Amino acid sequence: MAELKHIVCGLSDLSMIRKTQYLFVDKTAKLQELVELRKVFLARPRRMGKTTLVSMLQDLFTNGTENFKDKAIHDLWQEDQYPVIKLSFGGIVDPDKFEKKLCSRLRTAFVKAGFAISDTVTACNTLDDLLEKLELLKGDQTVVVLIDEWDYPLSANLDNRDAFERCRAIMHTFYFWLRELSGLWFLLVTGIGRYRDSSLFTGADIRDISFEPQFADIVGYTQQELETWFDPYLAEAARRLKIGRAELLAKLHSQYDGFCFDRNASISLYCPWSVNQFFEQLVRGNPEKVPMFWCFWTEAANCYLALRTLLQRDKPDLCLLSQLHGDGVAVTEEQIITPTDLDQIKLAPLLVALGYLSIKAVVNPLAQSPLHRTYCCSYSNQEIEIELVNVFLEYVASCQGPGAVKAINLAARQLGQALYAHDMAQVGANLNLILHALHCEAWSNTHETVYRALIANYLCISGGAGFVQEEKGNQLGRSAIKADIETDIGSRHYLIELKLVADSHDPEATKLLAHKAQQQMVEQGYGDNKNPAIERCYGLVLVIDNSTRQIAYWRRYFMAQVLDEGMVAPVT
């Protein structure tokens, strides 16, 4: 354990990272190429490493390569030192306080860059006056400007048109000034969204590199980086989990990999925040603590409001889940990168921008222009799938009233208890309570993939099941698992197969369908890839009545032997 360093989690100040000797993955190899573009916009979801990127560039322009002696950039950096004006719009939400806070942050940024602020500048009460005086203060000095979370005041006010427009008016003034600023050697602007009439995207002088393959991995961890930098952590995590390295890597891949910012769809990335948090469990606390595959990104990304606002406005039905578990949704690059007005924001491109969905394949790779490319987009990974489905289902349930949301939360807790007790009759009953609470117009044209998504989601959040995987078959190929859902419950591994029946009023026909599903699972070797550390591999068949949209029958078996089974009463 002594050899495992603490890992950077929420710390983006490079000098502090170096002082604390935390593990820090070297992402500096492409910084010189980035700087040579001079004016750059980079869009990435939250917790992907944008702020750390900004901090590294600030240090390089301020101190040269003094703090990068063991990093890739040390022998590549060719830039002189310049005053760095580093600014963040993060946390600014209230339009009544926006102008005052922005003025304060600008003054602080100029002071930290080495400029002496006079009393006249300090006394400025309006952005127009301050910007004029700051430009005079800068004079002929060449500067570097780094702006993080440029769109935070707008993205945080998607549910409030008045606040959105007032913030945009203030930002329009600032970015118009910035685009006209003389002596600007390098400009980097990072954020998530692209909004029209903010002055930032006017003209073509700021280059959007967000989907350029050259910079696709400038933040985030590649598979090679994961296996290289975290090698001792992988060994320790596998030991505590009592699994092999290959199985651990497969679980990490399913849970945290899958982000893609490459218009060729060739580079897949892990979320740094999630990976760091997972392995930090090995360093902090009990030296024998078993690391949990938790949803780290979704707890920290704070994208709930934007997502919920768009769901309420666009009102998608449950077929969206079917699409995402099937062929995915089609999104063009033009839809993603074109600046929009508040009313023009669409759900699918927003989900890509927020990181909930990622490019999985290029539908038309021979398109003449990147703007004409269409991408097949689906869940970035399993931790994000859980969050997106959760928010989506909360929205669906709220359409039925606050009582439905309360009923679902209670049933989910009881589901966890039933799973822990291996009480499959109660599992079916609790799942029916959830399905009934979601029963509304959103159920139109429901497919088996929707039920699979719902059940897998509630197994995940119930607290009674371990690592949950779903079979996913689409144009990208089939998943490695054979059953619809696989999960660990205590010391047992469960293979869950779903079957739909038009009407369950004939119990014998329903029972026969469960029997055929069991035969299929046994004859085709479902469970051959189960975890050898698990005591037993059980099969569970759930027959769903598509007329009631609830579970009608369940059967649990071991190998070819039926252990128990029974009908499930529908909730009315």
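The values are calculated or read from the model by the stated rules, or taken from the named source; none is laboratory data. Computed from a prediction, not measured in an experiment: that's the story for all the values here. Please note: Cβ atoms are built from the backbone with ideal geometry, for glycine as well, and neighbour counts cover all protein chains shown. When the accessible area is computed, the model is the full protein with side chains, heavy atoms only, and any ligands, DNA or RNA have been set aside. Shrake-Rupley method; radii C 1.70, N 1.55, O 1.52, S 1.80 Å.
Evaluating residue 242 against the criteria (1) surrounded by fewer than 16 Cβ atoms within 10 Å (Cβ to Cβ); (2) within 21 Å of residue 28 (Cβ to Cβ); (3) of a type outside the set (Gly, Ala, Ser) leaves one unmet condition, (2).
Filtered by the rule that a residue be open to solvent by less than 30 Å² (accessible area, probe 1.4 Å) and closer than 22 Å to residue 289 by Cβ, segment 219-235 gives 226, 230, 233, 234.
Taking the conditions (1) free of Cβ contacts under 8 Å to residues at least 60 places away in the same chain; (2) open to solvent by less than 20 Å² (accessible area, probe 1.4 Å); (3) of a type outside the set (D, E, K, R) in turn, residue 249 satisfies each one other than (2). Against the test of being buried (at least 23 other Cβ atoms within 10 Å of the Cβ), at pLDDT 85 or above, β-branched (Val, Ile, Thr) and in contact with an Asp or Glu (Cβ under 9 Å, 6 or more places away or on another chain), the options 359, 337 yield a single qualifying residue, 359. When every residue of segment 133-155 is checked against the conditions, none turns out to be surrounded by 14 or more Cβ atoms within 10 Å (Cβ to Cβ), modelled with pLDDT of 95 or more, small (Gly, Ala, Ser) and not in a loop (DSSP other than H, G, I, E, B).
Out of curiosity, is residue 562 over 31 Å from the mean Cα position of the chain (by Cα), crowded, with 18+ Cβ neighbours inside 10 Å and modelled with pLDDT of 85 or more? Give the steps one after another, and end with the answer.
Details: over 31 Å from the mean Cα position of the chain (by Cα): yes; crowded, with 18+ Cβ neighbours inside 10 Å: no; modelled with pLDDT of 85 or more: yes.
Considered against the rule, which asks whether it is over 31 Å from the mean Cα position of the chain (by Cα), crowded, with 18+ Cβ neighbours inside 10 Å and modelled with pLDDT of 85 or more, residue 562 comes out as no.
Residue 378 fulfils the conditions (1) in contact with a strand residue (DSSP E or B) (Cβ under 6 Å, 6 or more places away or on another chain); (2) over 23 Å from residue 489 (Cβ atoms); (3) free of Cβ contacts under 8 Å to residues at least 40 places away in the same chain except for a single criterion, (3). If you go through segment 15-74 and keep only what is of a type in the set (D, E, K, R), assigned to a helix (DSSP H, G or I) and farther than 15 Å from residue 86 by Cα, you end up with 18, 19, 33. Each residue in segment 419-431 was checked for being within 26 Å of residue 398 (Cβ to Cβ) and surrounded by 22 or more Cβ atoms within 10 Å (Cβ to Cβ), and 5 pass.
Of the residues making up segment 483-529, those that are at pLDDT 85 or above, open to solvent by less than 60 Å² (accessible area, probe 1.4 Å) and either among the polar types (S, T, N, Q) or in contact with a Pro (Cβ under 9 Å, 6 or more places away or on another chain) (or both) are 487, 510, 518, 520. Cβ separations smaller than 8 Å between residues 6+ apart or across chains give the following pairs from segment 213-231 residues that are on the phi > 0 side of the Ramachandran plot to residues that are part of a helix (DSSP H, G or I): 220/272.
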